[in-house]
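Visitor: The structure under discussion is supplied below as structure tokens; questions concerning it will follow.
The values are calculated or read from the model by the stated rules, or taken from the named source; none is laboratory data. What you are looking at is a predicted structure, and each value in this text was computed from that prediction instead of being measured. All Cβ positions, even for glycine, are placed from backbone atoms using ideal geometry, and neighbour counts span all protein chains on display.
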Amino acid sequence: MVAGTLALMLIACACGAASGEGSVWLAKGGRAVCSIILPPQPSDAERAAAEELRTYLRKISGAEIPIGGDAPAHIFLGRAGVFAGLPFDIPKLEFEHFLMRTRGGDLYLLGAEDAAVQDAVYTLLRDLGCRWFMPGEIGEVVPRCADIVVGSRDRIEGPDFSMRDIWFWSASAGLAEWCRRNRAGGACASMGHNLVSGPLPPEKYFKEHPEYYALVRGVRTPSQPCTSNPQVIDIVAQDVIRYFDDNPGAISYSLSPEDNADFCECPNCTALDSGRRDPGFDNLPVVTDRLVRFYNAIAERLQQKHPGKCVAFYAYFNHTLPPTTVRLHPNILVAVTAQQFCTLHSVADCHCSSRRKMAAIIEEYARQTKFVYIREYDPMPSAAELPAPLFGAHLRDMPWYQRHGVRGFSWESHPSWATLTPNHYILAQMMWDADQDPRALLADFYDKFFGPAGAPMARYYETLERSFSQSHVHPGWGNRDFPSVFTGDVMTDCRAALREAQAAARTAPYRQRVQMVALGFTYLDSWLALKRAIAQGDHEAAVAARARTMRALETLSGLNGDFILLSDAQYHITRADNELAWILPRSVKFRRDNDVIELPVAWRFRKEESEQGAAAWAGAGGDDSAWRTIRTDAQWWEQLNEPLENCRAWARTRFIVPEALRGRRLVLRIGALDEEGWIYVNGKLVHHREAAGENWDEPFEVDISDAVSFGQENLLAVRAQAETTLGGLWRGAVVYSPRPG
């Protein structure tokens, strides 16, 4: 990070501190003894940097530092090369690098460009003890001292990674300011899904030229382009060249495929594939080789007009693995995504085979191009805004990424500072300087953010981090295996640490900060109780835990909208509501109000290879004695060692309705059915459920009163169909009859 340190002595905010040779006094006794000198024609960014510096020097010392004017000392602030008559020569500065130098009683903060000038200001303020651990006043730490003296400096500094993008899907008013103050940002490389929506908009081309688009199951569809089509290559190349004509400062143009797997199946495209299957998506062909040939053709034409510019794509989904039949053009930018890898661990964690696979992919791409970036997630997707101590993974990741030539990052994240602090802060600091001492960085956070509660809060966070880093579960997308990380011992230790911290943090702002984290832990504790009660089938306990969970969320959100991403947490509560509805028949009240006929968990199962003859399976005429069995309390694809993509299958069972229930209403309650389904009782179709959006895990009910026979065996048959992976009937079923009155 520090490109040349000749001498560094820092005396920051020390009342009565003696100044050494080469030191510069900024304030004495709360009065300004320096002024800020801007270039003759300062940019807006330089003015903003000067105002920010004035603001925080005033917060520290009370001194009003003027811009311009005569003073014993000066802070020269601006882009390198804009000041005339400097007492030294300025070396050539790389992008986002700055020079910090004391000379002749003055301080020089000179940057390669506007962003570097701002970085220089925030580096100085950081040296003086300022911190921005999270947005807003609650996250700000500013030391108080009437005297400010800066020790002798002569250093050139810049970030270890040129792109350090932390972004949120949801609005967060303070994020941009927080990122700037923590020196996140940098050069932004375009890399998002764009291959159709950018250069090949269907509304422009599809009607007249469907052949430009993917052939999927025999039909041209604008899901992806036909990348082997020469006209497509021409159109895309021209679009990319026009983009750089209009945006000469851009780094890359993204040609990353759209976010789907509907790639072209025409002979010309499939002939370019390597024939491999990605273990993460073994039902899909690896299409990286065909895409790279397409990108190489675009990049080659681009270099003729705009040498050095890049074509970018995500290594994602079934184009994650590096190509084997072709090498990347030198000006291909690849963003390796973590989408299919373990969400708890680091690429440096040797015990995590999933992340080590990602590391090997990065290493291979780095052998083919010098433009390797990472597209990551913090927290892991679908983590319900629960505490996710990924700061430890960041501390281990960044030195590895630096050693292996990674240039930058795009971090998709959430504004849930109660449960995610200090992830984003640690991430920003490590992206700037991957070589710094992790222990010192964490110690500084615990001390400055929590004050007298620093020691117990360190135990709290380190307990959580160990539970992640040492875990032997490796969850991917979603949080199904996530709760197992929070063992009883982990929760007990965290609870004790928080109690001690709350007792120690008696004054503001430490009390509010500990309260924020403690409420996030209460949310976790209640959420785990909810999931535990659901797993045990205890509906009453689950309802009570849900109420506690919502109270914790609403309290957090009421205190500060950035403490928790309420909409996302509530979304996951609604998914849990479907589980609550699933176990409703086990509740005391339900059993009191209804007569319940239990159905078996294991049913007869058979895939439907063709429509012919399948209709007989709905009724008693179809013999299922040779069918295999399948459990109906778990998704079908998880139980069978055979592909269940884009297929139909049947499950059947039998039940008897007692004569005593004759004349009463009978209801079949299905726990969940994925995706489309047909339900038959004794050969009669009683319900057709169309596949639609989010209903794949919702319970539903069907009146079967007119289809059942009493006192004898009834046949229940469920036919399920899925366009993707078939989950089928996966949360069981029950028949019940409401009791009169």
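This table checks each residue for (1) more than 29 Å from SER346 (Cα to Cα); (2) assigned to a loop (DSSP other than H, G, I, E, B); (3) more than 21 Å from the chain's Cα centre (by Cα).
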position: SER467; (1), (2), (3): no, no, no
position: SER471; (1), (2), (3): no, yes, no
position: ARG499; (1), (2), (3): yes, no, yes
position: LEU524; (1), (2), (3): no, no, no
position: ALA544; (1), (2), (3): yes, no, yes
position: ARG551; (1), (2), (3): yes, no, yes
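Visitor: OK, next. Checking MET398 against (1) outside any helix (DSSP H, G or I); (2) surrounded by 24 or more Cβ atoms within 10 Å (Cβ to Cβ), which test does it fail?
Guide: Tallying (1) outside any helix (DSSP H, G or I); (2) surrounded by 24 or more Cβ atoms within 10 Å (Cβ to Cβ), MET398 fails exactly one: (1).
Visitor: So the check is Cβ under 6 Å with 6+ separation or different chains; which pairs have a first residue in the range 270-286 that's touching a residue at least 24 places away in the same chain (Cβ under 8 Å) and a second one that's surrounded by fewer than 16 Cβ atoms within 10 Å (Cβ to Cβ) and part of a strand (DSSP E or B)?
Guide: From the range 270-286, the pairs are ASN283/GLU645.
Visitor: Suppose we filter the range 299-316 for residues that are more than 16 Å from GLN368 (Cβ to Cβ) and of a type in the set (A, V, I, L, M); how many remain?
Guide: To start, the set of residues in the range 299-316 that are more than 16 Å from GLN368 (Cβ to Cβ) comprises 301-309, 316.
Next, only the ones that are of a type in the set (A, V, I, L, M) stay: 302.
Residues flagged as more than 16 Å from GLN368 (Cβ to Cβ) and of a type in the set (A, V, I, L, M) within the range 299-316 amount to 1.
Visitor: With ASP119, ASP147, ASP165, ASP106 as the choices, which residue is surrounded by 20 or more Cβ atoms within 10 Å (Cβ to Cβ), at pLDDT 95 or above, of a type in the set (Asp, Glu) and over 21 Å from MET431 (Cα atoms)?
Guide: ASP147
Visitor: Condition check: of a type in the set (Phe, Trp, Tyr) and over 22 Å from GLN502 (Cβ atoms). Does PHE450 satisfy that? If you could, list the steps in order and put the result at the bottom.
Guide: Values: of a type in the set (Phe, Trp, Tyr): yes; over 22 Å from GLN502 (Cβ atoms): no.
No: the conditions fail for PHE450.
Visitor: Test ALA626 against the criterion of being surrounded by fewer than 13 Cβ atoms within 10 Å (Cβ to Cβ) and more than 37 Å from the chain's Cα centre (by Cα), and give yes or no. If you could, list the steps in order and put the result at the bottom.
Guide: Values: surrounded by fewer than 13 Cβ atoms within 10 Å (Cβ to Cβ): yes; more than 37 Å from the chain's Cα centre (by Cα): yes.
Yes.
Visitor: Looking only at the range 283-301, count how many residues are surrounded by fewer than 21 Cβ atoms within 10 Å (Cβ to Cβ) and basic (Lys, Arg).
Guide: 2
Visitor: A follow-up question, please. Scan the range 329-356 residue by residue and report those that are in contact (Cβ under 8 Å) with a residue 60 or more places away in the chain and surrounded by fewer than 21 Cβ atoms within 10 Å (Cβ to Cβ).
Guide: GLN339, GLN340, HIS351, SER353, SER354
Visitor: Hey, another quick one. Given the condition in the same structural domain as HIS74 (by TED's automatic domain parsing), modelled with pLDDT of 55 or more, in contact with a His (Cβ under 7 Å, 6 or more places away or on another chain) and surrounded by 18 or more Cβ atoms within 10 Å (Cβ to Cβ), answer yes or no: does some residue in the range 15-34 qualify? Steps first, please.
Guide: Start the filter on the range 15-34 by keeping residues that are in the same structural domain as HIS74 (by TED's automatic domain parsing), which leaves 15-34.
Now restrict to residues that are modelled with pLDDT of 55 or more: 21-34.
If we keep only those that are in contact with a His (Cβ under 7 Å, 6 or more places away or on another chain) too, we end up with 34.
Narrowing further to those that are surrounded by 18 or more Cβ atoms within 10 Å (Cβ to Cβ): 34.
Yes; the residues of the range 15-34 include at least one that is in the same structural domain as HIS74 (by TED's automatic domain parsing), modelled with pLDDT of 55 or more, in contact with a His (Cβ under 7 Å, 6 or more places away or on another chain) and surrounded by 18 or more Cβ atoms within 10 Å (Cβ to Cβ).
For every residue, the table says whether it meets (1) among the hydroxyl-bearing types (Ser, Thr, Tyr); (2) over 23 Å from ILE564 (Cβ atoms).
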| position | (1), (2) |
| --- | --- |
| SER413 | yes, no |
| TYR425 | yes, no |
| ALA428 | no, no |
| PRO456 | no, no |
| GLY476 | no, yes |
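Visitor: Would you pick out the residues in the range 456-509 that are modelled with pLDDT of 95 or more and of a type in the set (Lys, Arg)?
Guide: Scanning the range 456-509 gives ARG459, ARG466, ARG495, ARG499, ARG506.
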